[in-house]
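To start, the structure under review is shown below, and the notes come after it.
The values are calculated or read from the model by the stated rules, or taken from the named source; none is laboratory data. Quantities reported herein were computed from a predicted structural model and do not represent experimental measurements. Here Cβ is always computed from backbone atoms with ideal geometry, including for glycine, and neighbour counts include all displayed protein chains.
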Amino acid sequence: MCRRRFFPDSDAVGQTIRAGNYIVSVIGVLESSSQSTFGSTDNAILMPLSTLQLLGGQQLTKNGDHVVSSIGVEITDTKYVTTVTNDITTLLLERHQILDASNADFSVTSVEALLSSLTSVTNQLTLLLGAIAAISLLVGGIGVMNIMLVSVLERTREIGIRKALGAKESDIWAQFLIEAAFLTFTGGVIGVILGWGGAYIINRLGTYATVVTPDIIILAVSVSVGIGLFFGFYPAWNASRLEPIKALRSE
C-alpha cells in the first residue's frame, strides 16, 4: 500500500522520502500480505529504533534514557507463549519494583490473545451479517413469490388453453418454476456484476485489498437460483392445479 502510494510507477528501493525534517532512503520493500487484519505491514514504514527516536523527538527519562512505549518479542514455538508471557510479566514487575501485579504500569499481550479477541468480534460480525443476509433473502423470496402469483393470476386463461390442448400439470408446474428460477438467476447475475464493480473500485482506491473468486460467484448465483426455486414452488403448484374450464372462463 505504501509503495503504491508514494511510488506508483517506479521501484521504491533507492528512492528517498521526507520524514519530518529529514530525508530518508528506502532500502527494501516488504511483500504485500493482501490482508487488512491486525498487524499487517501493508500500511507501515519500518525503520531503525534509533532513527525513529531521532525523528520523533522522543522524551527522555530522568536518567537520560529513551522512553520505550512498546517491545515486541518473537518466540520459536507457540507452545511457549504462556511461559514467555508469565516470565516477561515477572521480569517487568521486578524491574519496575512493583509488588502487586494489579498495580502494574504496563501490559503484556500475546498475539494469541489478540487473535482470540479478533476472532470473537469477527464471529459476532459474521452472525450479524448472516442475519441481515437471511432477512434480505426472505424479503426477496417473498417478493419473487408475489410476482409469480400475480403472473399466474394474469395468465390464467393462457394456462387453461394449454391444459385444454393437452398440457400436463407437470408441464405447467415446470414452466412457472423455470420462470421463477430464471428471474432470480438474472437478479443474481446483476448482483454479482455490481458486487464485482464495487470490489474493483475499492481495490483501485487502495483502501482494502479485495478478491472476487469464481467459487464466490458460483455460490452467489446458486443461492439466488435456489431462492427462486424454493419460493416459486407454491405459485407453480397453484398454476398446475387450475381446472381448464374455470381457467378458460376467466377474463
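Is it the case that some residue within segment 228-251 is in a helix (DSSP H, G or I) and among the acidic types (Asp, Glu)? No, the conditions are met nowhere in segment 228-251.
Collect the residues in segment 182-202 that are among the hydrophobic types (A, V, I, L, M, F, W, C) and free of Cβ contacts under 8 Å to residues at least 40 places away in the same chain, keeping them in residue-number order. Of everything in segment 182-202, those that are among the hydrophobic types (A, V, I, L, M, F, W, C) and free of Cβ contacts under 8 Å to residues at least 40 places away in the same chain turn out to be Val189, Ile190, Val192, Ile193, Leu194, Trp196, Ala199, Ile201, Ile202.
Just one of (1) of a type in the set (Ser, Thr, Tyr); (2) modelled with pLDDT under 85; (3) under 30 Å from Ser69 (Cα atoms) fails for Ser120. It is (2). For segment 201-212, a residue qualifies if it is modelled with pLDDT under 85 and at negative phi, and the qualifying residues are Ile202, Asn203, Arg204, Leu205, Thr207, Tyr208, Ala209, Thr210, Val211, Val212. Pairs meeting the criteria (first residue in segment 1-25 and surrounded by 13 or more Cβ atoms within 10 Å (Cβ to Cβ), second residue polar (S, T, N, Q) and modelled with pLDDT under 80, beta carbons under 8 Å, at least 6 apart or on different chains) are Met1/Ser32; Met1/Asn43; Cys2/Asn43; Val24/Thr51.
Scanning segment 221-247 for residues that are more than 10 Å from Leu177 (Cα to Cα) and surrounded by fewer than 16 Cβ atoms within 10 Å (Cβ to Cβ) yields Ser222, Val223, Gly226, Arg241, Glu243, Pro244, Ile245, Lys246. The requirement of being under 30 Å from Phe7 (Cα atoms), of a type in the set (Gly, Ala, Ser) and not assigned by TED's automatic domain parsing to the domain that holds Ala44 is not satisfied by Gly166.
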